[in-house]
Amino acid sequence: MLRRFALVFGLFLAGSLVSCLAQGQDWADKMFKVHEHDFRTVGRGAKCEFHFELTNQYEEDVHIAAVRSSCGCTTPSLTKETIKTHESGAVVATFNTNTFIGKKGATFTVVFDKPYYAEVQLKVSGFIRTDITFDPAEVAFGEFRAGETQQREIVISHTGNSSWRITDVRSHCPNLQVRLNPPELSPGLVRYRMLVTMKDDVPEGEIHERLTLISNDRDFPTTEMAISGRARSAVSISPAAVTLGTTTTDGVVEKRLVVKGDEAFEVKDIVCADTRFEFEIPVGNKKLHFIKMRFKGDGTEGRVNQSIRVVTNLPGDQAAECTVTGTVANNTP
């Protein structure tokens, strides 16, 4: 009995990384990729959002109780309040360009109440100019299927200086292509029509990018514009995160995966680096497949954190992935 208690207690400490960090606040800080963001110079009314991404790398669920902003120029929101182990979420900072102008900044205080109390501070800043507007307010591609080309037209207007010109448009996103038409001139107004193309090689996932307009304005040579969207795969898998729970070193756990496609497909292969996993590959050409997954212990203990990739016969061998986690413990009394 004493040996079993010691084993269970040891596994609890090993699996509860937060427990080791509870004496300080750094456990919460470590979940964030970045803690500061500069929107730089943006136009009046432009849509400006930044996602402060965080990932729960611990065993316990993490809960965000509140987010406070030091300034009304930036509004915080959450993609989710509770973040389960190995899941990701974000604190979204929205720069209020419709109601504020000039140089602005804010500090967000993110309050965690589970599994321990902690506070994390995130900072944003930027400059809102009134002489440039975008129509629409951002390059919004919405949700589209990966592998398809997307195009959006944006009208850029500058008032007050007829000699203002855009000299270049830059982006850190290699999947974007921009074509800027010649300026349309009228007294006190310069207008450009810009065609933004998202190429068909964009990877799957959320898109949070920006374009930088370079102009001949010596005071404000650059202006930022937001790009948003989500490239989804033609095939998806659910659940995206599978938990085995706690199993023994010789135990067997079975789960079912559901794979869906926009069109009928065949499952060509299932890729998994961990040989303790077995799969029954379904046959046929269908829009919906059910896959039986079996985990069989081989006598070894430890954490399980494995990626499962289901490869289809869709163009480009499109695939869907899920993550499987769990704990394998010795069941010796």
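The values are calculated or read from the model by the stated rules, or taken from the named source; none is laboratory data. Since the structure is predicted, the reported quantities are computational estimates derived from the model, not experimental observations. Every residue, glycine among them, receives a Cβ derived from its backbone with ideal geometry; neighbour counts consider all protein chains shown.
Quick notes on this structure:
For every residue, the table says whether it meets (1) of a type in the set (Lys, Arg); (2) modelled with pLDDT under 95; (3) outside the structural domain of PHE32 (by TED's automatic domain parsing).
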position	(1), (2), (3)
PHE108	no, no, no
GLU153	no, no, yes
SER157	no, no, yes
PRO174	no, yes, yes
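- Each residue in the range 159-186 was checked for being in contact (Cβ under 8 Å) with a residue 40 or more places away in the chain and assigned to a strand (DSSP E or B), and 7 of them qualify.
- Residue satisfying condition, being in a strand (DSSP E or B), within 25 Å of the chain's Cα centre (by Cα) and without any contact (Cβ under 8 Å) to a residue 60 or more places away in the chain, within set ALA90, ALA140: ALA90
- Subset tally (residues that are part of a loop (DSSP other than H, G, I, E, B) and closer than 11 Å to SER88 by Cα) for the range 46-63: 2
- For the range 190-224, the set of residues classified as under 16 Å from VAL155 (Cα atoms) and among the hydroxyl-bearing types (Ser, Thr, Tyr) consists of TYR192, THR197, THR212, SER215, THR223, listed by residue number.
- Being modelled with pLDDT under 95, in contact with a Lys or Arg (Cβ under 8 Å, 6 or more places away or on another chain) and outside the structural domain of GLU87 (by TED's automatic domain parsing) is a property that does not hold for ILE281.
- Checked against the criterion of being surrounded by fewer than 17 Cβ atoms within 10 Å (Cβ to Cβ) and of a type in the set (A, V, I, L, M, F, W, C), the candidates VAL124, VAL169, VAL178, VAL120 yield just one match: VAL178.
- Count of the range 187-242 residues which are within 21 Å of VAL258 (Cβ to Cβ) and not in a loop (DSSP other than H, G, I, E, B): 9
- Some residue of the range 270-283 being part of a strand (DSSP E or B) and within 27 Å of the chain's Cα centre (by Cα): yes
- Breaking point among (1) surrounded by 13 or more Cβ atoms within 10 Å (Cβ to Cβ); (2) in contact (Cβ under 8 Å) with a residue 12 or more places away in the chain; (3) over 30 Å from VAL271 (Cβ atoms), for PRO221: (2)
- Scanning the range 93-126 for residues that are in contact with a helix residue (DSSP H, G or I) (Cβ under 6 Å, 6 or more places away or on another chain) and not in a strand (DSSP E or B) yields a count of 1.
- Residue satisfying all of: in the range 289-309; within 21 Å of VAL235 (Cα to Cα) and under 26 Å from the mean Cα position of the chain (by Cα); surrounded by the fewest Cβ atoms within 10 Å (Cβ to Cβ) among these: SER307
- Scan of the range 127-137 for residues that are surrounded by fewer than 17 Cβ atoms within 10 Å (Cβ to Cβ) and part of a loop (DSSP other than H, G, I, E, B), ordered by number: THR130, ASP131, PRO136
- Test: residue in the range 80-94 that is crowded, with 17+ Cβ neighbours inside 10 Å and within 14 Å of GLU224 (Cα to Cα): no
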